[in-house]
1. Can you run phi through the Karplus equation (6.51, -1.76, 1.60; θ = phi - 60°) for the stretch 31-39 and list ³J(HN,Hα) in whole Hz, with x for Gly and Pro?
2. On C-alpha positions alone, give me the angle between the axis of helix 59-71 and the longest principal axis of the chain, in degrees, nearest 10.
3. Count the net charge of all other residues whose Cβ sits under 15 Å from the Cβ of Gln26, scoring Lys and Arg as +1 and Asp and Glu as -1.
4. Is it possible to state the helix-based mean residue ellipticity at 222 nm for the chain, with each DSSP H run of 4+ residues giving -39500 (n - 2.57), the sum divided by total residues, to the nearest 500 deg cm²/dmol? What is it?
5. How compact is the stretch 16-85 by the rule of thumb for globular proteins, expressed as Cα Rg over 2.2 N^0.38 Å?
6. For every other residue with a beta carbon closer than 10 angstrom to the beta carbon of Arg61, add +1 if it is Lys or Arg and -1 if Asp or Glu, then tell me the sum.
7. Please give me the summed charge of the neighbours of Arg52: other residues whose Cβ is under 9 Å from its Cβ, Lys and Arg +1, Asp and Glu -1.
8. Collect residues whose amide H, placed 1.01 Å from N in the peptide plane, falls under 5 Å from the amide H of Arg76; neighbours closer than 5 in sequence don't count.
Amino acid sequence: NKPDDAKPQSVNVEINADGQVFWNNQPVDEATLQADIAQAAQQQPQPEMHLRADRNVRYERVAQVMASIQRGGLSRIGFVTEPQH
């Protein structure tokens, strides 16, 4: 038997300048975000969260989304940044 070295999938979470959250490019409200987080937390291995926030979004909003992800049981969060031009 070969060990199952399944790579964890990744989920893209984006926050636009208005504070709207997108889960894999789909706009979500708070209830849907919580449901998506709960579902992702049940996966084995858990997916990696790739968080991208518009540079104009308030830090408070980013912190709220990060806290929701962590409260939901997901711990692998990476920040995606855009290179300076």
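Here, each number is a calculation from the coordinates, and none is a lab measurement. Everything numeric here is computed off the predicted structure, so don't read it as measured data. Heads up, the Cβs are rebuilt from the backbone with ideal geometry, glycines too, and the neighbour counts pull from every protein chain shown.
1. Ordered by residue, 3J(HN,Hα) equals 5, 5, 4, 4, 5, 5, 4, 4, 5 Hz.
2. 20 degrees
3. On the way: positive: Arg52; negative: Glu14, Asp29, Glu30, Asp36.
With Lys, Arg at +1 and Asp, Glu at -1, the net is -3.
4. That comes out to -9500 deg cm²/dmol.
5. Values: Rg = 12.2 Å, N = 70, 2.2 N^0.38 = 11.1 Å.
The value comes to 1.10.
6. On the way: positive: Arg58; negative: Asp18, Asp54, Glu60.
Summing Lys/Arg as +1 and Asp/Glu as -1 gives -2.
7. Details: positive: none; negative: Glu14, Asp54, Glu82.
Computed value for this residue: -3.
8. Met49
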